[in-house]
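Structure, as structure tokens:
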Amino acid sequence: SYVQGTFDIPLLTKTVGQCLDETAQRFPERDALVFCRDGVRKTFAQFKEEVDQAAAGLLALGLKKGDRLGVWSPNKYEWVLMQFATAQAGIILVSVNPAYQAGELEFVLRKVGCKALMFPAQFKTQKYYDILKQACPELEKSSPGGIKSKRLPDLSIVIMVDSKLPGTFHMSEVMQAGDSSHMKQLRALQQTLSCHEPINIQFTSGTTGSPKGATLSHRNIVNNANLIGMRLGISEQVGLWDYRVNIPAPLYHCLGSVGGGMVMALHGSTSIFPSPSFEGKAALEAVLREKCSFLHGTPTMFIDMLSQPDFDSYDLSSLRGGIIAGSPVPPEIMKMIMTKMHMPEIVVAYGTTENSPVTFMGFPDDNFDKKTETVGCIFPHTEAKIEDPATGESVPLNTPGELQVRGYCVMLGYWDDPAKTSEVVSDDKWYKTGDIASLDEHGYCKIIGRCKDMIIRGGENIYPAELEQFLHTHPKIEEVQVVGVKDSRMGEEICACIRLRTGQKCTEEEIRAFCKGKISHFKIPRYIVFLNEYPLTVSGKIQKYKLREQMEKHLKL
């Protein structure tokens with residue numbers, strides 16, 4: 001199994017800053033960004049001006065090319081402002097999960113040596129300043145820009161988005177710090193930037209072990225965003241309202257920052273952020289108010305939107321397509337997205353943070369089976385192969401094995417972790433995804449599951465995704481997750497964790513009877529547990545390892 005993408009679209013050698021400059025010149029008056037909850041709306045010309053001001057401000061505070069600045073915040077305007085300001089000045093943006101508590105925060109800031117950190121005062125129950133104080137007790141007694149911390153030795157600058165507490169700069173001070181000499185410094189610095197330099201460190205949502213900092217270059221994300229826009233069919237020959245993209249996905253995650261922010265900077269589309277963290281109702285309201293034509297999210301987000309009690313009252317007729325990514329899409333959900341949400345052009349995308357992120361994506365006019373059974377077709381300038389994880393031998397087409405990817409999109413490496421990097425990137429630059437998949441002769445890919453989610457029951461390999469797809473066809477089941485739990489005799493047993501549709505009642509026996517004769521007897525779940533919610537990462541992905549732990553506890557194994 002081997003497939004290679006086309007070469008008809010040239011790879012770009014521009015930096016992130018050059019892309020924004022060109023787009024702002026082409027569409028100065030077009031909306032670039034809308035943040036609905038905060039009432040922020042910026043045209044490309046306004047955004048470009050503020051990005052340059054912020055970049056000059058960062059230089060005025062003493063940050064230099066190659067320094068790391070962390071953004072620890074839900075979706076706010078300042079997140080995207082910093083994303084582009086750091087890129088203009090050659091400063092490396094570190095995306096920090098907004099749900100992190102003190103221990104996790106300390107780990108990532110130390111790992112990459114963050115010199116600066118930006119955050120809001122509070123979001124929901126998360127009081128950011130107080131959490132940082134636990135890792136950096138010196139903060140309160142420090143002067144702004146002069147932090148000297150024992151546990152965070154690199155941190156000197158803390159910027160607050162919306163208030164000023166001891167030891168911090170207010171964002172408005174950063175915006176005013178740069179004068180004409182810093183602007184001159186910025187212009188000179190931009191001449192020295194290369195598209196091969198690191199620009200962003202994204203911590204992989206540690207579904208196992210401590211998070212690793214995938215380091216991406218301008219070239220990685222500029223080209224990925226360009227190819228995403230091309231495959232969605234975003235072109236310049238359209239009116240102002242054609243490409244208004246609703247982004248309920250988090251910015252600290254690739255789908256938000258590359259699929260939202262970077263696609264905007266390359267293609268001149270408008271990125272609309274409904275709320276600081278995902279709310280189904282806010283996402284639907286934003287479609288209606290902002291006349292969105294595209295909507296990107298995870299299956300969980302779409303399920304939430306479709307199950308809003310007043311769903312039918314929203315006029316979603318402006319929609320036509322979007323990206324769904326992050327986990328497999330049940331066919332009946334896909335049908336509802338295409339019909340009830342007016343999104344016939346919806347495409348499935350697949351990728352990993354380490355691949356900037358997208359490597360496979362559907363075409364808007366793919367047929368229904370392709371949209372539900374595959375994650376689309378290989379991207380241009382990308383190679384993929386499938387190997388037997390046990391032997392390392394190549395497998396025939398349409399045969400499952402571990403998916404590996406090579407091309408412009410492979411990360412520079414995990415920050416300061418050559419050992420972890422060499423575990424996943426081979427000497428000849430193949431990246432091991434850790435996903436079990438199969439390829440067909442047309443370059444379409446089916447994802448079957450994670451290598452590590454695979455259940456080995458008495459020597460039989462069982463792929464949870466296959467079982468989940470089957471159980472989804474039961475009329476009473478809204479959502480299902482299958483995990484392996486330990487068993488002294490079999491090694492592992494199958495546990496199905498089922499969320500029922502509203503108002504439905506169901507028994508374990510009913511589910512087992514439904515399975516009999518339709519799937520192999522060894523795939524019928526030994527344990528069936530009904531629950532109301534799953535443990536999620538902030539980006540809305542289900543944390544299977546946590547679910548497995550919960551089930552082993554619940555079942556007293």
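Taking the Cα centroid of the stretch 249-324 and of the stretch 416-474, what is the distance between the two, rounded to the nearest whole Å? The distance from the Cα centre of the stretch 249-324 to that of the stretch 416-474 comes to 28 Å. Each principal axis of the Cα cloud of the stretch 1-112 was taken in turn, and the coordinate range along them, longest first, works out to 48, 46, 31 Å.
May I ask which of Lys212/Lys371; Lys14/Lys115; Lys124/Lys452 have a Cα-Cα span longer than 29 Å here? As for pairs spanning more than 29 Å Cα to Cα, those are Lys212/Lys371; Lys124/Lys452. Sort out for me the Cα centre separation of the stretch 64-94 from the stretch 6-50, rounded to whole Å. So the separation of the two Cα centres works out to 16 Å. Considering only Cα atoms, the convex hull volume of the stretch 182-326 works out to 151 Å³ per residue.
Placing one equal scatterer on every Cα of the chain and applying the Debye formula, the log10 ratio I(q)/I(0) at q = 0.06, 0.11 Å⁻¹ is -0.29, -1.02.
Please list, by residue number, every one of the trypsin sites (Lys or Arg not before Pro) in the stretch 488-557 that is coil in DSSP and has at most 13 other beta-carbon atoms within 10 Å.
Sites meeting the loop and neighbour criteria: Arg489, Arg501, Lys505, Lys516, Lys518, Lys556.
Using bins of 10 Å that start at zero, the share of Cα-Cα pairs per bin across the stretch 455-554 amounts to 15, 50, 31, 4, in whole %. Each residue of the stretch 154-168 is assigned a 3J(HN,Hα), and the resulting list reads 8, 6, 10, 10, 10, 10, 9, 5, 9, 7, 10, 10, x, x, 10 Hz, derived from the Karplus form 6.51 cos²θ - 1.76 cosθ + 1.60 (θ = phi - 60°), x at Gly and Pro. Using only Cα coordinates, the Kirkwood hydrodynamic radius of the stretch 38-198 works out to 15.8 Å. Taken over the stretch 252-405, the ratio of Cα radius of gyration to 2.2 N^0.38 Å equals 1.12. Compute the angle between helix 218-232 and the longest alpha-carbon principal axis of the chain, please, reported from 0 to 90 degrees and rounded to the nearest 10. Relative to the chain, helix 218-232 is tipped by roughly 60 degrees.
Return the calculated 222 nm mean residue ellipticity for the chain, to the nearest 500 deg cm²/dmol, obtained by summing -39500 (n - 2.57) across DSSP H runs with n ≥ 4 and dividing by the residue count.
The helix-only estimate for the chain comes to -8500 deg cm²/dmol at 222 nm.
Once the convex hull of all Cα atoms in the stretch 356-453 is built, its volume per residue stands at 112 Å³. Loop sites only, by DSSP: take the GluC sites (Glu not before Pro) in the chain that have at most 15 other C-beta atoms within 10 Å and name the longest stretch containing none of them. Result, exposed sites excluded: 30-235. Per-residue Cβ neighbour counts within 10 Å put Leu232, Leu63 in the sequence Leu63, Leu232, beginning with the fewest.
Taken together, the values in this text are just the output of simple stated rules run on the coordinates, not laboratory data. Quantities reported herein were computed from a predicted structural model and do not represent experimental measurements. Here the Cβ is made from the backbone with ideal geometry for all residues, glycine too, and neighbour counts use every protein chain on show.
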